Amino acid sequence: MSTQEQIYFFELLRVSVGNLDCLSGTPSAEEWEQLYGTAKKQALVGVCFFGIKRLPQEQQPPLLRRRQWAVKAMRLEERNAQMSEATRMVSGVFQKAGFDCVILKGQGNIANYDEGMGIFRVPGDVDVWVRPKDNKKPRVRSVIEYCERVKKGEYVYYHNLDFPILKDIEVEVHYRPTWLFCPWRDRILQKWMNQRFEGEEYDGYKIPTMEFNTVFQLLHIYKHLFEEGIGLRQLMDYYFVLKKGKCKEVYPLLCKLGLKRFTGAVMYVMQEVFGMSDEYLLCKPKVKEGRELLSEIMIAGNFGHHDHRYNFAEATNGSMQYRGKEYAWMRLRRNFRFVKNYPMEVLWEPPFRVFHWVWRTFRLWRW
């Protein structure tokens, strides 16, 4: 992608979110093909089409490409309707079983988008944070035992498990919304999140407060940077969280969690890509770290699926033992590139992986 094409792409995103009225020039047919490819890579085809509809006539893409783009957007609208219905159903299952639940990310993000825009967001799976209504019951064990009794999935992780009760739609049940590798920082985080298990009604299910989302969704971006990569779709979700929430009071907590530098990097992306005004930023942007983060985003694409530097797909072929070793070694080598900016998270990952293996193997969640 050339520099000019990247400029056009960022401008198109700014038009989509309402921070620009038009592009700085008129892209050629070839440039429009590149813009479409980048939109697919970043899982932003739908919201980019929302921006295209706002462009003046002379800056519109060629008719054939515009029609193809419109078809993709229409399918996303239909898929979002299906996902919202599935989300309501999953929420109802847990409520009837005696649990409280809050929907994390996913369809809950639609509530934050500008009117008419959220239905063009690329949906993912259903992530639901669950806990017993009876606070005397053990939180983690109660959720895991219920899910395994109803429909046992393939994995149980430290923070969530898969709950395959729907066809063609993945459901992930969280007993911890997220976590940090550093143990004392994770302890602070878990205490803060557990004190904020409350939801706001939206479209037939509960979603977290804006204060919670300001912390949680930043951590979601942070964790995926260390997992396989992160794309602009998640950054756009966070743009609307910041714009709607205006929760600057959480910044001291983010610093306590070791996220001061990363928060500044994300604020740089918010301004460089989406043109966010200073009033919505959590802190002053950090240019150096922000440029490095943006470079990772543009190379790796949505969840790192387009990062050819590390072939995670190839590492997941073969036996389970081979897959585990190859995947872990590849990710360890990859993450050491971030040790200068985020040393605690990088250096605590290997000890955490050992603990996690013991926790899963001996099912320590039972105690």
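If you count only protein heavy atoms and use a 1.4 Å probe, how large is the accessible surface of ILE299, to the nearest 10 Å²? The accessible area of ILE299 comes to roughly 70 Å².
Among the trypsin sites (Lys or Arg not before Pro) in the stretch 214-251, those located in a DSSP loop and surrounded by at most 14 other Cβ atoms within 10 Å of their own Cβ are LYS246.
Sequence-distant contacts, meaning Cα pairs under 8 Å at least 6 residues apart, place the relative contact order of the chain at 15 percent. Site pair HIS306 and GLN271 shows an inter-label distance of 2.6 nm when each label is modelled 7 Å from Cα along Cα→Cβ. Straightening the chain between ALA111 and ARG187 buys 24.4 nm, computed as 0.36 nm per residue apart minus the Cα-Cα spacing. In the chain, taking the dipole from charged Cβ atoms about the Cα centre, the farthest positive-side position among TRP367, GLN60, THR38 is held by TRP367. Cα convex hull, the stretch 93-153: 100 Å³ per residue, rounded to a whole number.
Ranking TRP348, TRP329, TRP365 from most to least accessible surface, computed with a 1.4 Å probe over the protein chains only, gives TRP329, TRP348, TRP365. Taking 0.36 nm per residue of separation and subtracting the Cα-Cα distance, full extension of the segment from THR26 to LYS288 would add 91.2 nm. At an R0 of 35 angstrom, the distance between the Cβ atoms of ARG88 and VAL339 translates into a FRET efficiency of 0.20. With Rh defined as the Kirkwood radius, the inverse of the mean 1/r over Cα pairs, the Rg/Rh of the stretch 43-87 is 1.08. Across the stretch 120-169, C-alpha contacts under 8 Å between residues 6 or more apart give a mean separation that, scaled by the residue count, equals a relative contact order of 26 percent. Helix 210-227 and the long axis of the chain differ in direction by around 90°, with both axes built from C-alpha atoms. Here the spin labels are modelled as points 7 Å beyond Cα on the Cα-Cβ line, and at ALA97 and GLU170 they lie 1.9 nm apart. Quickly estimate the mean residue ellipticity at 222 nm for the chain, helices only: each DSSP H run with n ≥ 4 gives -39500 (n - 2.57), and the total goes over all residues, rounded to 500. Counting only the DSSP helices, I get -17500 deg cm²/dmol. Length gained on full extension, LYS244 to ASN135: 36.1 nm, using 0.36 nm per residue less the C-alpha separation.
Legend: residue pairs LYS41/LYS152; LYS248/LYS288; LYS151/LYS248; LYS133/LYS340, Cα-Cα distance threshold 31 Å; pairs beyond threshold, LYS41/LYS152; LYS151/LYS248; LYS133/LYS340. As a calculated quantity, the FRET efficiency between THR361 and GLU58 at R0 = 56 Å, using C-beta atoms, amounts to about 0.35. The long axis of helix 232-245 is offset from the longest Cα principal axis of the chain by roughly 80 degrees.
Looking at the chain alone, DSSP beta bridges between its own residues are antiparallel in about 75 percent of cases.
The values are calculated or read from the model by the stated rules, or taken from the named source; none is laboratory data. None of the values given here were measured: they were computed from a predicted structure. For neighbour counting, all protein chains shown are included, and Cβ atoms are generated from backbone atoms with ideal geometry for every residue, glycine included. Just so you know, the surface numbers come from the protein's heavy atoms only, side chains and all, with ligands and any DNA or RNA stripped out. Shrake-Rupley method; radii C 1.70, N 1.55, O 1.52, S 1.80 Å.
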